[in-house]
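Asker: One structure, as structure tokens, below. Some questions next.
The values are calculated or read from the model by the stated rules, or taken from the named source; none is laboratory data. Here the structure is a predicted model, which means the values were calculated and not measured. Glycine gets a Cβ as well: all are built from the backbone with ideal geometry, and neighbour counts include every protein chain shown.
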């Protein structure tokens, strides 16, 4: 069975003290989710390789970089050089295989994602070629959005297919994950829960992260 993991999203952290924010959740985080937005593919503009490089110097946690950008192929080498461990690209950009090949050549874990309105069928041809499928449970671009429950059917179907094919990959969900929705996502088959505001906007982010994990997997499995 795949290990169950929580990935705090630094999009909701206080960027003026980002390293300290990461330190606060390190004991409860299994990896860190890094939302990269270019102001084109999504309307928001966030961070790039220099911030990843700074984070790499401060933490040994796996850096899980979600590239919400029009041109990921132009950025993959920079993220790899900065210390990213894995990158996730969007199926909405078209055939992802050239990007997969580039990520493999750079030693990056290969992730593929789809927006809430994108059908699961669009990613099924590529499941054997990826390490991670990220199911978006909000429309990408901004943190703090409400969870879209209709994506749970998509996640449940993906879980069944991955298990039937015995694929060595993980299922991740991102968007609106909190104490109420974590168990729903876990029950639908998520291996990795990305949670931003529910963690970093809490009075004690470490306690918030722990309680979200406990709500998702009460038996620790």
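Asker: Would the range 183-196 turn up any residue that is surrounded by fewer than 21 Cβ atoms within 10 Å (Cβ to Cβ), within 22 Å of residue 89 (Cα to Cα), touching a helix residue (DSSP H, G or I) at 6+ places or on another chain (Cβ under 6 Å) and free of Cβ contacts under 8 Å to residues at least 40 places away in the same chain?
Answerer: Looking for residues that are surrounded by fewer than 21 Cβ atoms within 10 Å (Cβ to Cβ), within 22 Å of residue 89 (Cα to Cα), touching a helix residue (DSSP H, G or I) at 6+ places or on another chain (Cβ under 6 Å) and free of Cβ contacts under 8 Å to residues at least 40 places away in the same chain, one finds at least one in the range 183-196, hence yes.
Asker: State which residue is surrounded by the fewest Cβ atoms within 10 Å (Cβ to Cβ) when the search covers only the range 4-21 and only residues that are within 16 Å of the chain's Cα centre (by Cα) and in a loop (DSSP other than H, G, I, E, B).
Answerer: 4
Asker: Which count do you get for residues in the range 199-216 that are touching a strand residue (DSSP E or B) at 6+ places or on another chain (Cβ under 9 Å) and either over 15 Å from residue 32 (Cα atoms) or crowded, with 18+ Cβ neighbours inside 10 Å (or both)?
Answerer: 8
Asker: Mind listing whichever residues of the range 198-221 are over 15 Å from residue 180 (Cα atoms), modelled with pLDDT of 95 or more and touching a helix residue (DSSP H, G or I) at 6+ places or on another chain (Cβ under 9 Å)?
Answerer: Once the filter is applied, which keeps residues that are over 15 Å from residue 180 (Cα atoms), modelled with pLDDT of 95 or more and touching a helix residue (DSSP H, G or I) at 6+ places or on another chain (Cβ under 9 Å), the range 198-221 yields 200, 201, 204, 205, 206.
Asker: The conditions are (1) under 20 Å from residue 210 (Cβ atoms); (2) part of a strand (DSSP E or B), and residue 24 fails exactly one of them. Which is it?
Answerer: Condition not satisfied by residue 24: (2).
Asker: Go over the candidates 33, 40 one by one and state the one that is farther than 26 Å from residue 198 by Cα and either at pLDDT 95 or above or assigned to a loop (DSSP other than H, G, I, E, B) (or both).
Answerer: 40
Asker: Would you check if there is a residue in the range 93-112 being on the phi > 0 side of the Ramachandran plot and out of contact with any helix residue (DSSP H, G or I) (no Cβ under 9 Å at 6 or more places or on another chain)?
Answerer: Within the range 93-112, one or more residues are on the phi > 0 side of the Ramachandran plot and out of contact with any helix residue (DSSP H, G or I) (no Cβ under 9 Å at 6 or more places or on another chain).
Asker: May I pose another question? Being under 25 Å from residue 18 (Cβ atoms) and at pLDDT 95 or above is true for just one of 124, 120, 55. Which residue is that?
Answerer: 55
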